[in-house]
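To start, the structure itself, in structure tokens.
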Amino acid sequence: MPAESAPLQDPKPLNSGAVFRRFLPYLWPAGEAGLKSRVIGAFALVICAKAVILLMPFAYKAVIDNMDEADPAVMLAIAMVVAYAGARFGGVVFDNLRNVIFERVGQTAARRLTENVFAHLHRLGLAFHLERKTGGVTKVIERGTKSIDTMLYFLLFNIAPTALELLAVCLIFFFKFGPGLVAVTLGVIALYITFTRLVTLWRTKLRRDMVDLDTTAYSHAVDSLLNFETVKYFNAEDREARRFNRAVTGWANAAVKSENSLALLNIGQSLLTNGMMAGAMGYTVWGWSTGLFTVGDVVLVNTLLMQLFRPLDFLGTVYRTIQQGLIDMEAMFGLLDTPAGIVDAEDAAGLAVARGEVRFEHVRFGYAPDRPILKDFDLIVPPGTKLAIVGPSGAGKSTIARLLFRFYDVTGGRILIDGQDIAAVTQQSLRAAIGIVPQDTVLFNDTIGYNIAYGREDATETEIRAAAKGAAIDRFVKSLPEGYETRSRSPARC
Ligand SMILES: Nc1ncnc2c1ncn2[C@@H]1O[C@H](COP(=O)(O)OP(=O)(O)OP(=O)(O)O)[C@@H](O)[C@H]1O
Ligand SMILES: [Mg+2]
């Protein structure tokens, strides 16, 4: 990857601060004492694990120092070997207990976020959904919720404990080996973090491209599968495959670039950590030759640094994961922030229908400002009468029905039901008062009974049968082997 062509700064910087502010309440959920105590418990276990891990190198050093050829202390050395193994085992036990305690917090956070997004999607208005990017939207939700769990995990169990460990190692170095080693350790770690940050910033852009291309490819695939029948009518399988291939090839190219930049990052990080290890061990070996340090001290420095580098090696991955998590969550919060199309007025009351008179007064409306569909449209439907609206395709017949349902707000004039402006009543009460037989009949992937009862959730079996009879389909349904329990297998359109 030619470094000179790569911009270090992301042209559209990620607003990490804002994303963090929205995401942290999920880690510390208000009013949930149980979940909060789990977070505290998990963190206490993190500290225990770090404490035993930091004691381990001392046991190791004691083993080596007690194996002095001139004056061996075998029993003490064996006791220290046991302590060393015990500390290693303790570290694993604490880490796993911590995961057990924390799991519920992560899952609850992810569940809450998905519920919020799903409810919001249903508030989003017809205009958003008619664009039908269902595939893309599902992918954004999937990635966003997955990342919240990962982010919580890494912040609490990787970044925080690594910072603690760094502090402890510096204190040990200071008291045992003097301030020089501390200064070098802190310098190298600062360099390491800066390098990781810069390269990751550049990689964030590559990753962002990859996510966009992935979403496009997925939208294409879902779109063409949803319109399967149409694709067949027009013999367009090859065309669809080519379109999908183009999207996937774009994604693959972006993925290759992203992987190559990862190699650069890993090599740079390894150079820094191994340089530091060589320097620190060289220094202690020199100290041993002058009688300043023991052989055990060389082992102590080596083990402490190896332990510190292990999570640091991982810090590159953690940093990337958190960056990626932030991007994914930004996209999902963006979805949550998409303004709901039509909102109830603050003081909206329920619609009271007494007679059922519908009146359109000087209604103006267009889907786009430059293309009006209804211009000064008037209509009165007296109660108890039937009215048919006839006109060429595209004249605006369905639009009138959509406006009556308030899927869109009119841009001029008003619509009244029994004298009440539909913009001033709640959408829920308005839609509950209107029955509709849609032009496109869609079936949910459930039983026929469920589909008939969809308009009223609490409809009884008898009412479902009466409705079927009214539509003259009861005999047909009864003739099916499974009757009202027959499942519709695919969304059918008439
Ligand atoms: N979601 C939309 N966004 C933009 N324009 C739209 C949208 N829906 C409909 N239109 C346009 O508004 C006009 C009226 O559409 P409408 O669906 O009301 O026609 P219609 O009379 O019901 O036609 P048909 O008999 O084909 O059902 C058409 O020109 C159509 O292209
Ligand atoms: Mg229509």
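The values are calculated or read from the model by the stated rules, or taken from the named source; none is laboratory data. Keep in mind that what you see is a predicted model, and the values were worked out from it rather than measured. Reconstructed Cβ throughout: ideal geometry from the backbone, glycine too, with neighbour counts over all protein chains shown.
Does the range 368-383 hold any residues that are surrounded by 12 or more Cβ atoms within 10 Å (Cβ to Cβ) and either part of a loop (DSSP other than H, G, I, E, B) or among the hydrophobic types (A, V, I, L, M, F, W, C) (or both), and which are they? The answer is Pro372, Ile373, Leu374, Phe377, Leu379, Ile380, Val381.
This table checks each residue for (1) of a type outside the set (D, E, K, R); (2) over 26 Å from His122 (Cβ atoms); (3) away from ligand 2 (no atom under 16 Å from the Cβ).
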{"site": "Glu357", "(1), (2), (3)": "no, yes, yes"}
{"site": "Asp370", "(1), (2), (3)": "no, yes, yes"}
{"site": "Leu374", "(1), (2), (3)": "yes, yes, no"}
{"site": "Pro383", "(1), (2), (3)": "yes, yes, yes"}
{"site": "Lys386", "(1), (2), (3)": "no, yes, yes"}
{"site": "Thr399", "(1), (2), (3)": "yes, no, no"}
{"site": "Leu403", "(1), (2), (3)": "yes, no, no"}
{"site": "Asp409", "(1), (2), (3)": "no, no, yes"}
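For (1) assigned by TED's automatic domain parsing to the domain that holds Arg364; (2) under 17 Å from Ala340 (Cβ atoms); (3) in a loop (DSSP other than H, G, I, E, B), each residue gets a yes or a no:
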{"position": "Thr399", "(1), (2), (3)": "yes, no, no"}
{"position": "Asp409", "(1), (2), (3)": "yes, yes, yes"}
{"position": "Gly413", "(1), (2), (3)": "yes, no, no"}
{"position": "Ala423", "(1), (2), (3)": "yes, yes, no"}
{"position": "Thr441", "(1), (2), (3)": "no, no, yes"}
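When the residues of the range 393-413 are narrowed to those that are within 6 Å of ligand 1 (Cβ to nearest atom) and touching a strand residue (DSSP E or B) at 6+ places or on another chain (Cβ under 8 Å), which ends up farthest from Phe128 (Cα to Cα)? Ranking the candidates gives Gly396 first.
Restricting attention to the range 350-392, the residues being more than 22 Å from Asp409 (Cα to Cα) and either within 16 Å of ligand 1 (Cβ to nearest atom) or of a type in the set (Asp, Glu) (or both) number 5.
Filtering Gln439, Gln428 for residues that are within 35 Å of the chain's Cα centre (by Cα), polar (S, T, N, Q) and surrounded by fewer than 16 Cβ atoms within 10 Å (Cβ to Cβ) leaves a single hit, Gln428. Asn451 fulfils the conditions (1) within 27 Å of Val358 (Cβ to Cβ); (2) modelled with pLDDT under 90; (3) part of a helix (DSSP H, G or I) except for a single criterion, (1).
Scan the range 328-346 and give yes if some residue there is more than 15 Å from ligand 1 (Cβ to nearest atom) and in contact with a strand residue (DSSP E or B) (Cβ under 9 Å, 6 or more places away or on another chain), otherwise no.
Yes, the range 328-346 contains a residue that is more than 15 Å from ligand 1 (Cβ to nearest atom) and in contact with a strand residue (DSSP E or B) (Cβ under 9 Å, 6 or more places away or on another chain).
Looking at the structure I just gave you, is Ser289 of a type in the set (S, T, N, Q), out of contact with any Phe, Trp or Tyr (no Cβ under 9 Å at 6 or more places or on another chain) and within 25 Å of Leu326 (Cα to Cα)? Criteria not met by Ser289.
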